[in-house]
Structure formats: structure tokens, C-alpha cells
Amino acid sequence: MNYYDVAVALMGSWKTNSFTYSYDGKISIGAVVLCPFGKKEVLGMVTQQVEKPTFKTKPLVLVTEYTLSQSVVDTHDWLQDYYPGALGQTTQNFLPSFLKKPIAELKPSKANKITDLPDLTDAQSKAMKTIEAHKPQPVILHGVTGSGKTRVYMELAKKQLERGKNVLILYPEISLTSQLKKTLSTHFGNGRVHIYHSKRTPKEQRTTWSKSYEASSSEPAIFIGPRSALFLPHSNLGLVVVDECHENSYKQDNGSRYNGLIVAAKIAQTHKAQIIYGSATPPVSETKQILSKSGKLVCMHETAIELANETKSYIIDMTDKNNVSKASYLLSKQLVSQIKDSLAAKRQSLLFINRRGTAKLLLCENCGWHAECDRCDMPMTYHHDAHSMRCHVCGNNKKAQASCPDCSHSLSQKTPGIKAIEAELQKLFPHASIARFDSDNKKADSLSERFDDVASGSIDILIGTQLITKGLDLPLLETVGILQADSGLFLPDYVSEERTFQQLTQVSGRVGRGHAVESNNVFYQTYSPSSTIISHSIKQDWHAFYEKELLSRHENRYPPYAHVMKVWVLKSTATKTEQAIQKIADKLREQYGIQLLGPAPSFYEKSAGNYSWQIVVKSLDRQKLITATSVLPKDALFDLDPTSLL
């Protein structure tokens, strides 16, 4: 009888990080096994063989046919060290539940007609030469919307396949993978392009997982998917692409809270593969860190297809009541008029509303004034029950003002609702086909399910949140309306300006992509018409924004100039919550002498009947933050390298 320690894939936290099982036979390190755990049988990964323990052990139920490679085991161990937490939650990333029992794999895809890749533009050729000359160092590929970054990825993928290497291409949204699969299959064949994500059936997922597992001994292939595709059992990787790398969806925000950009870099390093981060608006912190470690910035500032019409951008000052439509305070007269023109020309319109820009904010609609914390320069949130303004970063609290201190105009609180906008548009345009895309959609109404309807133009007006800013190419789109262009700036978060710039640039980039439409129009409706964030977005001037944002981050010691960890607790009453987080703050200050902001109520202060309070911990040494997690109580939650403080 032999005995093995097993990292068990578990949802919760347990007293021990691994469990010892017996087995009548030899098992390799990295073997995927099925273990009895309470009344359940759960998956696990063998980590080491041990001596017979003093306690009674249970026998393993099954040793599967799979043994994870040393590179996968090393990535698993690194992830646990870099993002400490419950080992079971880390292990879950690598052991999907469909491995518990055999599932018949899908029949191989039918061969399709393969066409040659289109010629590279001059800008794309120049980018390719620079990337090839710089490998294997990481590359930030900054290309304006419509510059053809996907074409560059395909050229890089082609070269790796010719060398017998596999390719991993990550996209931020499941809805975008089918569009990419169709494009890649046209040029590489159905049998070499494999999709992996949670919306696929267990059989489809199992087939792709097995293809990845066997890829070292079979024909090289391309694997595409969202962040979960990072944890396929990769082997022989030559290229990793993280497209739309600015997207927050690459950050896992529950369980094992990892940053997919950093995990992708580790996987590329393990395989000695090149990694490309592509975006029209690369993330500030990660870009600075990559460039400071011999990474390369490669830019494409021209669209791949020459535009017949330049994009016209209009800043609509919503403090001017003459601009506001009678139909809704969120629709300007100019935007309503342009939507009518687009409908008459049988062209599409897209309206973007920032759902995360729904902070309870006191705003002056006359001059655009809003309250900021005098301690940390963050926007303050209005609490109507106490008629007070509170900073949700440092905890600063003061009485709310009744009128604007700049112009004496009365202050108002308005929260946009996407469903209300949809209803008002239906009244304005009763004969138009209108579709709303957000997290409330049922599966049948989701963007991924209705993508063909959207692309074909059978939907006249699209309304959506962040989902519709991500990589969509709509041939008939003529008009874009950004309903509250400045709303994201009012959120109490150090990344608010970056998120706003990214969203504005990405959503405005849905038009002007070289399609045969008569005009390209973007309407920025705002209470802050002189905002430099809006002007940088209109010019697609990421470089100017990047330099400006770095200065602000350096001055306030935020990433990339410091490491940050958010710690929070949830309790049944506000008093218990405040006491618990204060105790943690006192302990961290006493033992580690690190900078803390707070305690303060979380931005989402109450959820599912519980209250939430948080602290923000800063340090120049990331290891200090990792060490600090070891003294946190079991019921405390923490997020290392958070992409948001909300």
C-alpha cells in the first residue's frame, strides 16, 4: 500500500491544504485522481508520495488516465504562492468537473475550405518585424480600433504552427469566441481551432481539454477562450495572445482571485513562448511593469482599411437644458435626431450606458460640480438616510451640501436605468427593432446567441453596458451614443479615469472601421464637456492619457508604483462589521507597519443582508502583503492586486 498527498479541488477553505490517501499501486506526481471527501467524490492532483501516516486514511476511488505535465504542476504551485488562499480553490482551476467520469468525445470537425490569409498592411508588416525581432520578450501591441490586430495574431499563429508549436489566444468575453473561431477556421481549418469556455457542453469542453492534453504528440493547434482557457493542460506552447488585455474580466474576482494577465505571462515563461498583449487602450499598470522589464511597445496608429468617411465626434453639454430631449433626461435632441436619420438610411445605432456609473452622487447639472474627498481626491458618495457624503476609500465623512458651492445651483441625484431607456426608445421609435444587452439577459436574448442578428443589421438599435464595448465589428453601425460619458469618473476608485477612457475609446471604436456606411457619428453626452478624458478618447490619444495617468498614480502611490491589497469583512450588523475590520487594521499596522486607507464602508455597503467594510493596504514590497494574509482571520476576504477598489 502506498500513500499520497493530494491537492483536492474544493470550493471552501479547510484546516489543511492537502489530504493524504492510500492506493495499492504507484502513482506519478501530477496524476489526476478521484477522492472520497465526506459523502462526495471530488477531483484531486497528486502532489507527493509520503510515508504511512499515523492516522487512518481513505483509499482513492479512481486514478484517471490523465497526469498533468510538470509545467502545469509548476504553474499550479506558483499560482498558490503568488495568490495565496485556499489550495482547493486554486486546484479547482486546473481540474474541471467533467474529468470525474468519461464522456464520449465529439466527432472530428468536418474539413472546410481553407483560404490564404489576406496581405498584411504596411503598418501590420512593420509591427510583425518588430515583434519577431523582440521575441521571446513580452510585447504590448497598441493598435487603434480597426487597425487589424487580429490579422497580426493570425500571422504570428501561422509561424508557430509551422514550427510545430501550439497557440493560445485569450478573449475577454465568451460571446466573442465564436466570431474568432469562424475567422481562424477559414484560414487554418476547423480541425486546428478549438474553443474552450463554460457555456459549452461538458462533451465539447472535454474534447477541447483532451486536445490540449494530447497536443504535444499530435498536430499543433490553436486554442481560444476566456481566462478559463489559461488552465487547459497546455504543452508545447509557442505563442500566448491576450486580446483586449485592458478588460477587467481577466481578473477573477471570487475564489482564487488571480489576474489573468499575470498568469498568462507565467504560462508563457514556463513554455518559453512569446506573449502578446493587444489593445487599443492597454492597461496602465501592466504596461508600465512590462516595459520596465525589457518588454516592447509596438504601435499601429492607422486603420487596416482606408476610411471613406472620417468619424464625426460631438460633445453634447447636458448642463445646457436646450440640448436635453423631452423624451428623457438621458437623451439629447441631437442624438435622437441622428438615430432617426440612421433608421431612415437602414443603418444601426448603438447606445452605451455605464451601469457601474450609478454611484449615489450629488451632481450640479448647471456646471458639473461634484464632491471630492479632501484627503484622497476620490469622489464622495451620497447617503440619503443621513444626508451625508462619505469617501469609500479612506472613510472621510461630512454633511452633504444643499447647493453647488461653485454656482449655487441646486444639486440633484440621478441614476440611469438601462431598462427605462429601452422603454423610452420603444415609445420614440415604435417601428424599430430594439435589443438590450446586459447581465440581465436570458440566454436566448444574450449577445452570443443573437450575434448573427446584430451583425446582419436586423436589429436597428442596440442598447448595452460594458458588454457591447468589447471587440464587436458591426458593418452597418452608423451612430454611437454614449449616454453619460463622465459617469464613471465619479466612482471612488483610483482606476476610474482609466476605466472611463477605455470604455469611451472602445465604444466609439465600434464605428469607423472601414465599412461602407455614409457617415460615422459618436455623441458624447456629458456634464463635464471640458474633460481631458473625453478629448483624449476622441483623438484616440492613449499615449497622452498614459503619461498623465502615470503622473497621478506616482503622486498618490497607486499601482504600478506600489502594490495594493483590499481586505474586507461581511457581518450581519454594521457595528459588528466596523469592529471586525478595525481589529484587522490595528493588527496589520502593529505587526507590519504598512500604509492603510480606511476602515471605510465598502462601496456596495450592504449585500444579501450583510454589511461590508474594507481597508486598502499599500506596500512597495508585494511579499509584505502576501505575508500579511497569513494573519487575517478566516472570515476575512482579501484581494491582492485588485483591479478595482469598489
Strands (runs of 3 or more DSSP E) fully within the stretch 547-646 counting 2 or more residues that are within 18 Å of Gln289 (Cβ to Cβ) and among the hydrophobic types (A, V, I, L, M, F, W, C): 563-571
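Would you pick out the residues in the stretch 36-63 that are among the charged types (D, E, K, R) and part of a strand (DSSP E or B)? Before the answer, list the steps.
Step one: filter the stretch 36-63 for residues among the charged types (D, E, K, R), giving 39-41, 51-52, 56, 58.
Answer for the stretch 36-63, where residues must be among the charged types (D, E, K, R) and part of a strand (DSSP E or B): Lys40, Glu41, Lys58.
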Might you let me know whether the stretch 476-486 holds any residue that is farther than 29 Å from Tyr604 by Cβ, assigned to a loop (DSSP other than H, G, I, E, B), at pLDDT 75 or above and outside the structural domain of Asp243 (by TED's automatic domain parsing)? yes
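Looking at Thr67, is it in contact with a Ser or Thr (Cβ under 7 Å, 6 or more places away or on another chain), without any contact (Cβ under 8 Å) to a residue 40 or more places away in the chain and β-branched (Val, Ile, Thr)? First the steps, then the outcome.
Details: in contact with a Ser or Thr (Cβ under 7 Å, 6 or more places away or on another chain): yes; without any contact (Cβ under 8 Å) to a residue 40 or more places away in the chain: yes; β-branched (Val, Ile, Thr): yes.
Here the answer is yes, as Thr67 does meet what is asked.
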Is there any pair linking a residue in the stretch 121-135 that is of a type outside the set (Gly, Ala, Ser) to one that is assigned to a helix (DSSP H, G or I) and surrounded by 15 or more Cβ atoms within 10 Å (Cβ to Cβ), with Cβ under 7 Å and at least six apart or on different chains, and which? Gln124/Arg151; Gln124/Val152; Met128/Val152; Met128/Glu155; Ile131/Leu156
Please work out which residue is surrounded by the most Cβ atoms within 10 Å (Cβ to Cβ), limiting yourself to the stretch 368-379 and to residues that are modelled with pLDDT under 75 and in a loop (DSSP other than H, G, I, E, B). Met378
Against the definition (hydrophobic (A, V, I, L, M, F, W, C) and in contact with a Lys or Arg (Cβ under 8 Å, 6 or more places away or on another chain)), how does Val139 come out, yes or no? yes
Counting just the residues of the stretch 490-515 that are surrounded by fewer than 23 Cβ atoms within 10 Å (Cβ to Cβ) and at pLDDT below 85, which one comes out nearest to Cys364 (Cα to Cα)? Arg513
Residue set Leu632, Leu551, Leu620, Leu596; condition within 18 Å of Tyr494 (Cα to Cα), among the aliphatic types (A, V, I, L, M) and in contact with a helix residue (DSSP H, G or I) (Cβ under 7 Å, 6 or more places away or on another chain); output residue Leu596
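Conditions (1) closer than 15 Å to Thr311 by Cβ; (2) assigned by TED's automatic domain parsing to the domain that holds Ala344; (3) crowded, with 22+ Cβ neighbours inside 10 Å; (4) modelled with pLDDT of 95 or more, marked per residue:
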position	(1), (2), (3), (4)
Glu518	yes, yes, no, no
Tyr527	no, yes, yes, no
Thr532	no, yes, no, no
Ile538	yes, yes, no, no
Leu551	no, no, no, yes
If we keep only residues of the stretch 560-584 that are within 14 Å of Leu625 (Cα to Cα) and within 29 Å of the chain's Cα centre (by Cα), then the residue surrounded by the fewest Cβ atoms within 10 Å (Cβ to Cβ) is Ala562
Conditions first: (1) exposed (fewer than 14 other Cβ atoms within 10 Å of the Cβ); (2) out of contact with any Phe, Trp or Tyr (no Cβ under 8 Å at 6 or more places or on another chain); (3) not hydrophobic (A, V, I, L, M, F, W, C). Ser18 passes all but one, so which condition is the exception? (1)
Phe603: passes all of (1) in contact with a His (Cβ under 7 Å, 6 or more places away or on another chain); (2) exposed (fewer than 14 other Cβ atoms within 10 Å of the Cβ); (3) not hydroxyl-bearing (Ser, Thr, Tyr) but (2)
Answer residue from the stretch 456-475, given it is over 26 Å from Cys245 (Cα atoms) and either out of contact with any strand residue (DSSP E or B) (no Cβ under 9 Å at 6 or more places or on another chain) or in a loop (DSSP other than H, G, I, E, B) (or both) and is modelled with the lowest pLDDT among those: Ser456
Quick one: how many residues across the stretch 299-354 are outside any strand (DSSP E or B), of a type in the set (Val, Ile, Thr) and under 15 Å from Gly509 (Cβ atoms)? 2
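One line per residue, one yes/no per condition, for (1) of a type in the set (Asp, Glu); (2) at pLDDT 95 or above:
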position	(1), (2)
Ala580	no, yes
Lys587	no, no
Glu590	yes, no
Leu597	no, no
Tyr604	no, no
Ile615	no, yes
Thr627	no, no
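The values are calculated or read from the model by the stated rules, or taken from the named source; none is laboratory data. Predicted, not measured: the structure shown is a model, and the values here were computed from it. Every residue, glycine among them, receives a Cβ derived from its backbone with ideal geometry; neighbour counts consider all protein chains shown.
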